[in-house]
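Engineer: Okay, here's the structure, questions in a sec.
The values are calculated or read from the model by the stated rules, or taken from the named source; none is laboratory data. For clarity, every value in this text was computed on a predicted model and none was experimentally measured. Positions of Cβ are generated from backbone atoms using ideal geometry, with glycine treated the same way; all protein chains shown enter the neighbour counts. All accessible areas refer to the heavy atoms of the entire protein, side chains included, with ligands and DNA or RNA removed. Shrake-Rupley method; radii C 1.70, N 1.55, O 1.52, S 1.80 Å.
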Amino acid sequence: MAFLEFFVRFLPDLLSGMGMTLLLTAEGVLAGFILGLAATLARTYAGRFWRNLAIAYIELFRGTPLLVQVFLLYYGLPGLGITLSREWSAFLALGLNSGAYQAEYLRGSILAIGEGQMLAARAIGMSKWKAVFYIILPQALRLAIPAWANEPVSLLKATSVVFLIAVPELMTRAKLIASRTYDPISSYLAVAILYLVLVYLVDFVLKWLERRTRLPGLSAVGEH
Amino acid sequence: MGRANSLPIFAIGWQRMLSQFFSYILQGTSVTIAVTLIALPFGLILGLLLALLYNYGGFWVSRLAAIYSLVMRGVPPIALLFILYFLLSGRLINLSPFWAGSISLGIISSAYQMEILRGALQAVGEGQMIAARAIGMSRLQAIRYIIIPQAIRLAIPPWSNEASIVLKDSSLVYAIGVPEILRRAQQLSATTQQPFLAFGAAALIYFLLVFLVNRGLDLLAEKTKLPTSMA
Amino acid sequence: MTETPYILQAKNLTKIYGDNVIFKDICLDVHKGETIVIIGPSGTGKSTLLRCLNLLTPVNNGQIFLEGQEITAPSVDADQVRQKIGMVFQNFLLFNHLTALGNVMVGLTKVKKMSPDQARRKALHELERVGLADRANHYPAQLSGGQQQRVAIARALAMDPLIMLFDEPTSALDPELIGEVLGVMEQLAREHMTMLVVTHEMGFAREVADRIIFMEKGRIVEQGSPEDLFEHPQHPRTREFLGKISELYGKKEKK
């Protein structure tokens, strides 16, 4: 079958882009987690200035398309004298974008943990921030896992848009193959299959992790 | 030429920019809105059909629907967009990038909308179907008059989330040359040499559109809510 | 069409679910205007039996006749049959997106294809019959449990059924709301509606039933008039069951 031949022939070529895709995903998840956690803590517990800053960040990055954010960083910033490489623009955009979404997941679980826990912690003399780190977060993070598990998969798919600024990941390789073979449908079909496999691998691993870290009695927040 | 040269670039730039802003980016806005307004209903009808097939079809039919959903949600939208675009603008069917892109986005969205709607259909509960059959309604009548009206109300919050996602994803048709906001912003950036302002403006417009969509749908949810208090 | 005094007849009904025999070889005859109450321990197939009678659940074996015609025959349109058999559920199952009036009307407009005006008039009449005409424009969530159940009864009555089936109609109600529902049912019995009621309300059974059937483990253990069953129960299990119930609710005064 023609497509099968095509697929086998170009698989190695495609796979050379997979490393970057996975790197972007991992980096996005990590940076997004740090940013998201910071933003949500600022939003829930910090003073007015930081709270408003956090809200502005979250609303801006959730309210605009990722592609626009990428372009703003890569093409727009030079207008202000700041020039970022393709890879850095991609890293930043993905991280900032993911952070805004992760902030919302985390906020949901922190709210679900409830005021009662904070009250009890303060009652034994803990400061607010100690309570946050030793009582609230350990519970909130576990609670957030099922809903949060959507994020790495989401990111994996989202990394595909950075091919429009020519970052050498999977989609870029697919485009190159398409222009060499004049067979766009087969090329993009092939990369679609690769993404599908990756997505379900990541999903599988996350579900396994979720099972391992489940706390008895603490059920998942209503997701999504 | 004397004084003209010493004027800051901004002074001349502003006038130019404003007129170009209005012609370029607002044109782009109408294209973006058009793309979204085609993709969303398309995705809704297809998604509703699939959700009904999944919940009420036979074993094989619901399996097929499930596989459709898994595949369409497991592949990045832009890859799907390209595949569908090349299929829809090829030799068999020849659509313009605008139509090919909009319909493709609709097809992609249908998988996500299917998940939302099937969840809502299930949330309505089996009891409603039983009660409807008990007064002599056929399965079809029960679905049409009893199940769907309740499912729609349950579906509005997650659906409004999907609506804003489709609006944001419409930016992807940039890649197939459709003159929506982002492409217009790029042209604007080229002519005015003010990339930050151009792309910043694009971001702002998207932000406004998303905000309006969310508010509008929140209002809809409020209006169609069933009264729950004891009168 | 055979002339028959029976509204409903069930012959050798058997229902098996997986490895469980829910009930086997049940025979039942319901006369026109009769009120039959089925009592017995929970989980003995009483509810399933009702759902089989209006064809919501298929039987594995046996036949059911409505006014002499077999409704378990393969060529029969079950939806049509269900218009003639009214059913009231334990958890009311009102349509949440419709007002009380809407709930009663929907069967008339969509199934019986009445005009909206006709349907509205009939629906209001039925709501009056159950005492809820003034709540016509309320949604189920705005009604108490007893009110919801009465609307459910009105909804079933609106279809002008030949027989009404009640599946533990008061089991999900707060104690003080039970009375209003039983009152409606009593009224229906007085109007000679043919009724088949599964319930734990012994007072109702004693006062209103023409015949009581005691069912256990999927079999009819004993049946007879209320006097027969309550005062001279034949079967030891009947005696045991009724004895325990009487202790719980306090014996009623003997006539």
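Engineer: Which condition number does C:LEU93 fail, the rest of (1) within 12 Å of another protein chain (Cβ to nearest Cβ); (2) open to solvent by 10 Å² or more (accessible area, probe 1.4 Å); (3) more than 28 Å from C:ILE36 (Cα to Cα) being met?
Structural biologist: The single condition C:LEU93 does not satisfy is (3).
Engineer: Now for a separate question. So which helices (runs of 4 or more DSSP H) stay within the range C:66-159 end to end and still have 2 or more residues that are more than 22 Å from B:GLN141 (Cβ to Cβ)?
Structural biologist: C:116-129, C:145-157
Engineer: Do we have B:GLY136 as closer than 30 Å to C:THR48 by Cα and not in a helix (DSSP H, G or I) here?
Structural biologist: yes
Engineer: Out of the residues in the range A:47-83 meeting the condition of being surrounded by fewer than 17 Cβ atoms within 10 Å (Cβ to Cβ) and away from chain B (no Cβ under 13 Å), tell me which one is farthest from B:ALA198 (Cα to Cα).
Structural biologist: A:GLY47
Engineer: Please go through (1) modelled with pLDDT of 90 or more; (2) more than 10 Å from every other protein chain (Cβ to nearest Cβ); (3) crowded, with 19+ Cβ neighbours inside 10 Å for B:PHE199 and return the number of the only condition it doesn't satisfy.
Structural biologist: The single condition B:PHE199 does not satisfy is (2).
Engineer: Now a separate question. So in the range B:208-222, with the set limited to residues that are within 10 Å of chain A (Cβ to nearest Cβ) and open to solvent by 60 Å² or more (accessible area, probe 1.4 Å), which one is nearest to B:GLY43 (Cα to Cα)?
Structural biologist: Among residues in the range B:208-222 that are within 10 Å of chain A (Cβ to nearest Cβ) and open to solvent by 60 Å² or more (accessible area, probe 1.4 Å), the one nearest to B:GLY43 (Cα to Cα) is B:PHE211.
Engineer: Does at least one position in the range B:130-147 carry a residue that is at pLDDT 90 or above, open to solvent by 20 Å² or more (accessible area, probe 1.4 Å) and within 21 Å of the chain's Cα centre (by Cα)?
Structural biologist: No, the conditions are met nowhere in the range B:130-147.
Engineer: Still on this model: Check every one of the helices (runs of 4 or more DSSP H) wholly within the range A:57-144 and list those with 1 or more residues that are within 30 Å of A:GLU169 (Cα to Cα).
Structural biologist: Those helices (runs of 4 or more DSSP H) span A:66-71, A:86-113.
Engineer: Something else about it: All but one of (1) of a type outside the set (Asp, Glu); (2) buried (at least 21 other Cβ atoms within 10 Å of the Cβ); (3) at pLDDT 95 or above hold for A:TYR105, so report the exception by its number.
Structural biologist: Unmet for A:TYR105, out of (1) of a type outside the set (Asp, Glu); (2) buried (at least 21 other Cβ atoms within 10 Å of the Cβ); (3) at pLDDT 95 or above: (3).
Engineer: Testing C:ASP77 on (1) buried (at least 16 other Cβ atoms within 10 Å of the Cβ); (2) of a type in the set (D, E, K, R); (3) within 13 Å of chain B (Cβ to nearest Cβ), one condition comes back false. Which one is that?
Structural biologist: Checking C:ASP77 against (1) buried (at least 16 other Cβ atoms within 10 Å of the Cβ); (2) of a type in the set (D, E, K, R); (3) within 13 Å of chain B (Cβ to nearest Cβ), the one that fails is (1).
Engineer: Follow-up question, since we're still on this one. Considering only residues that are in a helix (DSSP H, G or I) and of a type in the set (Asp, Glu), look in the range B:141-193 and name the one that is farthest from the other protein chains (Cβ to nearest Cβ).
Structural biologist: B:GLU162
Engineer: Let me ask something else about it. Exactly one of these conditions fails for A:GLY116: (1) open to solvent by less than 60 Å² (accessible area, probe 1.4 Å); (2) closer than 30 Å to A:MET20 by Cβ. Give me its number.
Structural biologist: (2)
Engineer: Condition test on C:PHE166, is it at pLDDT 95 or above and either in contact with an Asp or Glu (Cβ under 7 Å, 6 or more places away or on another chain) or open to solvent by less than 60 Å² (accessible area, probe 1.4 Å) (or both)?
Structural biologist: Here the answer is yes, as C:PHE166 does meet what is asked.
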